[in-house]
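This report refers to the structure that appears directly beneath it.
The values are calculated or read from the model by the stated rules, or taken from the named source; none is laboratory data. Not measured: the values here are computed from a predicted model. Quick reminder, even Gly has a Cβ in these numbers, built from the backbone with ideal geometry, and neighbours come from all protein chains shown. Keep in mind that these areas ignore ligands, DNA and RNA; they rest on the heavy atoms of the full protein, side chains included. Shrake-Rupley method; radii C 1.70, N 1.55, O 1.52, S 1.80 Å.
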Amino acid sequence: MQRVDRAWRDKGLATKMQSIERADGRTLHRVGSAGRDVDPIQFNATTGRMSINVQSLCGTGNIDDFTDDSGS
């Protein structure tokens with residue numbers, strides 16, 4: 001969590017870190033964007049899994065322009 005937080009801060013993103021005890025007893029560690037500089041982005045991790053959630057505005061264009069189908 002500290003590495004993600006540091007990497008995002010190094011890029012100029014204001015962040016907020018949290019640790020929350022879940023109902024199953026595991027601790028959910030979370031780092032996310034703070035402030036209004038960007039749309040919400042959040043990295044979550046427990047001892048068993050991790051996820052990243054990003055919210056963005058819709059844009060124009062073709063989604064295929066943003067994907068690499070070359071297999072590399």
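Quickly run through the range 15-34 and pick out the residues that are more than 16 Å from Val54 (Cβ to Cβ) and either among the aliphatic types (A, V, I, L, M) or in a loop (DSSP other than H, G, I, E, B) (or both).
Met17, Ile20, Arg22, Ala23, Asp24, Gly25, Arg26, Leu28 - these are the residues of the range 15-34 that are more than 16 Å from Val54 (Cβ to Cβ) and either among the aliphatic types (A, V, I, L, M) or in a loop (DSSP other than H, G, I, E, B) (or both).
Going through the range 42-57 one residue at a time, which ones are touching a residue at least 24 places away in the same chain (Cβ under 8 Å) and assigned to a strand (DSSP E or B)?
Once the filter is applied, which keeps residues that are touching a residue at least 24 places away in the same chain (Cβ under 8 Å) and assigned to a strand (DSSP E or B), the range 42-57 yields Phe43, Ala45.
What pairs come out if I take residues in the range 16-27 that are at positive phi and open to solvent by 80 Å² or more (accessible area, probe 1.4 Å) and pair them with residues that are modelled with pLDDT under 90 and not in a strand (DSSP E or B) whose C-beta lies under 7 Å away, six or more apart or interchain?
Matching pairs, first to second residue: none at all.
What's the number of the only condition in (1) outside any helix (DSSP H, G or I); (2) crowded, with 16+ Cβ neighbours inside 10 Å that Val4 fails to meet?
In the conditions (1) outside any helix (DSSP H, G or I); (2) crowded, with 16+ Cβ neighbours inside 10 Å, Val4 misses (1) alone.
For residues that are more than 23 Å from Arg3 (Cα to Cα), modelled with pLDDT under 75 and open to solvent by 90 Å² or more (accessible area, probe 1.4 Å), tally how many sit in the range 28-72.
Number satisfying all stated conditions: 7.
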